[in-house]
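The values are calculated or read from the model by the stated rules, or taken from the named source; none is laboratory data. Since we're looking at a predicted model, the values are computed, not measured. FYI the Cβ positions are ideal-geometry reconstructions off the backbone, even for glycines, and counts take in every protein chain you see. Note: areas computed on protein heavy atoms with side chains; ligands, DNA, RNA excluded. Shrake-Rupley method; radii C 1.70, N 1.55, O 1.52, S 1.80 Å.
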Amino acid sequence: MRFVISALFLFVVAAAYDPLDPNGNLTIKWDIVSWTPDGYVAVVTMNNFQMYRHIMSPGWTLGWTWAKKEVIWSMNGAQTTEQGDCSQFKGNVPHCCKKIPTVVDLLPGVPYNQQYSNCCKGGVLPAWGIDPQSAVSAFQISVGMAGTSNKTVKLPKNFTLLGPGPGYTCGPAKVVPSTTFLTQDRRRKTQALMTWNVTCTYSQFLARKNPSCCVSFSSFYNETITPCPTCACGCQNKNSCVKSGSKVLKRAGVNTPRKDNTPLLQCTHHMCPVRVHWHVKVNYKEYWRVKVSIINFNYRMNYTLWSLAVQHPNLNDVTQVFSFDYKPLVPYESINDTGMFYGMKFYNDLLMEAGPFGNVQSEVLLRKDKDTFTLKQGWAFPRKVYFNGDECMLPPPDTYPFLPNSAPHQQLFSGLAAIAAMVFLLVTVW
């Protein structure tokens with residue numbers, strides 16, 4: 001029995017480890033900035049130290065269990081979803097009396113006296129690797145019926161984080177050296193009276209039992225498109241999917257998200273909310289060109305922040321990315337085979353819901369390494385693909401577009417324009 005429990009623990013820990021972002025985590029920091037007659041005032045800061053995994057709308061939800069009988073007198077920059085039973089208090093009633101409070105960010109545009117620095121973004125928290133300046137959220141909390149010194153304060157426990165769905169596991173709170181702050185004139189340092197950290201890591205295994213995206217392939221040298229595997233993301237939504245062009249799509253509110261995030265998917269054989277298509281487009285003398293397309297099949301979801309992480313050996317020499325922003329991911333200094341694509345701000349950083357505008361695409365120009373480049377045996381296709389931090393299902397290797405061995409060299413390139421045009425039409429319509 002002990003062996004089974006140990007094996008299960010190791011499996012969950014391994015699932016939470018991301019080989020493309022081994023140091024990625026979300027850190028929650030509590031800084032006590034002042035003592036009160038019955039407790040303290042603290043600043044709670046959340047930093048998303050993940051390279052490509054955002055927390056999207058409807059945003060983060062943070063919870064914990066109080067160690068004693070603490071209450072929350074007031075909050076700025078966030079609020080609890082329930083007040084709880086505060087009937088024992090006369091006159092001044094706390095903001096929340098629950099033993100296990102649930103905290104959410106405030107929405108943009110709240111009154112100024114309710115705000116706090118880095119708050120009020122609806123819980124949206126971009127990845128540090130894409131937008132480090134925005135990858136932070138904070139709120140202020142006044143806690144009562146708590147300790148009033150470093151020796152009497154009890155750390156909260158059992159932290160939980162939804163971002164916005166399941167997948168995050170938080171460790172215990174640990175006291176760390178007090179945070180230091182610079183005054184506005186940057187001439188004086190102050191420090192927190194007490195600081196503790198909580199580290200949360202993400203596991204796709206805990207988030208969902210099926211993938212949330214799949215990958216398809218095509219090439220200029222083979223007219224066959226390698227599709228996503230059948231039921232790549234599970235077929236549990238097969239009975240509720242909507243065919244493209246259905247009258248259902250004309251109803252008011254069809255694109256409104258549900259509170260339980262139930263998707264409304266376009267009927268496809270793969271039944272994935274998102275499909276990534278990798279098309280090997282042109283083979284030049286010293287370069288080769290790829291077209292990357294991301295297609296949304298969920299009528300109830302648009303991705304206000306999206307990211308695509310790709311692992312391929314030739315990403316160590318990217319010459320130009322035409323319509324996406326690009327950043328190399330080098331989790332291991334000796335290996336440079338992974339890159340991160342994301343939308344250009346105010347241009348294509350929004351992936352619209354399923355429909356005629358529910359796609360984004362870009363071409364990528366790569367310089368050849370003459371010692372490794374080949375079009376044989378599927379070398380031109382990626383090894384791993386992650387959309388919004390979740391690994392996508394790739395087709396089986398034996399189904400990749402193959403290079404016709406018998407085709408003469410000139411014949412291989414003669415039909416390039418026609419085949420490329422046909423593949424483009426198939427990808428956008430299919």
query: Which ³J(HN,Hα) values in Hz, rounded to whole numbers, follow from the phi angles of segment 108-116 under the Karplus curve 6.51 cos²θ - 1.76 cosθ + 1.60, where θ = phi - 60° and Gly and Pro get x?
result: x, x, 5, x, 4, 6, 9, 8, 8
- prompt: Tell me, what % of the accessible area of segment 26-206 is carbon and sulfur with a 1.4 angstrom probe?
  reply: 52 percent
Relative contact order [Cα under 8 Å, 6+ residues apart], the chain, whole percent: 15 percent
message: Please enumerate, by chain and number, the lysines with C-alpha under 20 Å from the C-alpha of Lys247, excluding those fewer than 8 residues away in the same chain.
response: Lys238
task: Return the lysines within reach of Lys327: Cα separation strictly under 18 angstrom, same-chain partners fewer than 8 residues apart disregarded; answer none if there are no such residues.
output: Lys291, Lys345, Lys384
task: Would you rank Trp379, Trp73, Trp66 by solvent-accessible area, highest first, keeping every protein chain in place and using a 1.4 Å probe?
output: Trp73, Trp379, Trp66
Reachable lysines, given that their alpha-carbon falls under 17 Å from the alpha-carbon of Lys151 and they are not under 8 places away in the same chain: Lys68, Lys69, Lys174
task: State which entries of Lys209/Lys243; Lys29/Lys99; Lys209/Lys250; Lys154/Lys209 exceed 27 angstrom in Cα-Cα distance in the structure shown.
output: Lys209/Lys250; Lys154/Lys209
- request: Please compute P(r) over all alpha-carbon pairs of segment 26-206, binned at 10 Å starting from zero, and give each bin as a whole-number percent.
  value: 9, 37, 38, 15, 1
query: Nearest 10 degrees, 0 to 90: what angle lies between the long axis of helix 2-16 and the longest principal axis of the chain (Cα atoms)?
result: 70 degrees
Distance histogram for the chain (every C-alpha pair counted, 10 angstrom bins, percent rounded to whole numbers): 4, 19, 26, 22, 15, 9, 4, 1, 0
field: Accessible solvent surface per residue of the chain, calculated while the other protein chains remain in place, 1.4 angstrom probe, Å²
entry: 52 Å²
- line: Output ordering of 245-251, 206-212, 26-32 (per-residue mean of other Cβ within 10 Å, highest first) is 26-32, 206-212, 245-251
message: How high is the relative contact order of segment 26-206? Use alpha-carbon pairs under 8 Å, at least six apart in sequence, and give a whole percent.
response: 31 percent
- request: Would you mind telling me the share, in percent, of accessible area of segment 240-355 contributed by carbon and sulfur at probe 1.4 angstrom?
  value: 52 percent
For peptides 330-338, 135-143, 225-233, sequence by mean Cβ density within 10 Å, most packed first: 135-143, 225-233, 330-338
In degrees, nearest ten, helix 416-429 long axis to first principal axis of the chain (Cα): 40 degrees
task: Convert each backbone phi in segment 326-336 into a coupling constant with the Karplus relation 6.51 cos²θ - 1.76 cosθ + 1.60 (shift: θ = phi - 60°), then list the ³J(HN,Hα) values in order as whole Hz, x for Gly and Pro.
output: 9, 9, x, 10, 10, x, 10, 4, 7, 10, 10
Karplus 3J(HN,Hα) series, Hz, for segment 216-233 with 6.51 cos²θ - 1.76 cosθ + 1.60 (x for Gly, Pro): 10, 10, 7, 7, 6, 8, 8, 6, 7, 9, 7, x, 4, x, 4, 6, 4, 10
field: Amide hydrogen neighbours beyond the local backbone of Lys384, cut-off 5 Å, H modeled
entry: Gln311
- line: The set of cysteines in the chain having no other cysteine's C-beta under 4.7 Å reads Cys96
